[in-house]
Amino acid sequence: MDDNAVSVEQALNSGDVRELLKVWEDFNRGETWREISATGSDQAREAAAQFLAQVSEVAALEGLRANAKAVEQLTGRRWYVMKIRREGGATWAQIGEALGITKQAAHDFYRRKIEKQEKYLSDLHDAATARAVLED
């Protein structure tokens with residue numbers, strides 16, 4: 001396994017969202033430059049070859065795994081920012097709008113996350129504080 005494969009695998013195993021996003025971006029940049037290399041002018045193909053020589057090679061399935069893990073982490077942390085905004089006075093409609101969903105969907109997402117935390121992390125979770133922001 002080469003150094004690049006090790007670093008991609010390490011990023012996928014680390015769970016660090018920045019590293020996961022880097023793998024995803026490396027995959028996308030690589031795909032863009034490979035397309036340019038296949039269809040562009042001589043000058044574009046030369047630029048693509050230079051870029052591809054420097055970028056990490058990421059397979060499509062590795063890119064998808066990194067994307068899925070990053071999305072899972074970011075979505076999992078969403079409830080906390082929602083709580084902060086509610087405590088700061090934001091309405092469920094404003095939170096829903098920021099997320100591109102309805103106020104009811106935002107409220108339901110938050111409620112489900114709190115219920116899950118109460119079930120699986122009850123000793124680490126302040127249910128009263130988390131639930132206080134559910135009310136309008």
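A few comments on the model shown:
- Any chance residue 89 is assigned to a loop (DSSP other than H, G, I, E, B), modelled with pLDDT of 90 or more and not hydrophobic (A, V, I, L, M, F, W, C): yes
- Among the criteria (1) exposed (fewer than 13 other Cβ atoms within 10 Å of the Cβ); (2) aromatic (Phe, Trp, Tyr); (3) at pLDDT 90 or above, the one residue 109 does not fulfil is (1).
- Check on residue 120, hydroxyl-bearing (Ser, Thr, Tyr) and either in contact with a helix residue (DSSP H, G or I) (Cβ under 8 Å, 6 or more places away or on another chain) or assigned by TED's automatic domain parsing to the domain that holds residue 8 (or both): no
- Restricting attention to segment 95-110, the residues that are part of a helix (DSSP H, G or I) and either within 19 Å of residue 74 (Cβ to Cβ) or polar (S, T, N, Q) (or both) add up to 11.
- Test: residue in segment 59-81 that is in a loop (DSSP other than H, G, I, E, B) and at pLDDT below 95: yes
- Subset tally (residues that are among the charged types (D, E, K, R) and closer than 22 Å to residue 21 by Cβ) for segment 74-112: 2
- Within segment 13-24, being at pLDDT 90 or above and either more than 23 Å from residue 75 (Cβ to Cβ) or surrounded by fewer than 16 Cβ atoms within 10 Å (Cβ to Cβ) (or both) holds for 13, 16, 18.
- In the set (1) modelled with pLDDT under 95; (2) more than 20 Å from the chain's Cα centre (by Cα); (3) in the same structural domain as residue 132 (by TED's automatic domain parsing); (4) surrounded by 15 or more Cβ atoms within 10 Å (Cβ to Cβ), the condition left unmet by residue 103 is number (1).
The values are calculated or read from the model by the stated rules, or taken from the named source; none is laboratory data. Everything numeric in this text was worked out from a predicted model, so none of it was measured. We place every Cβ from the backbone using ideal geometry, glycine too, and count neighbours over all the protein chains shown.
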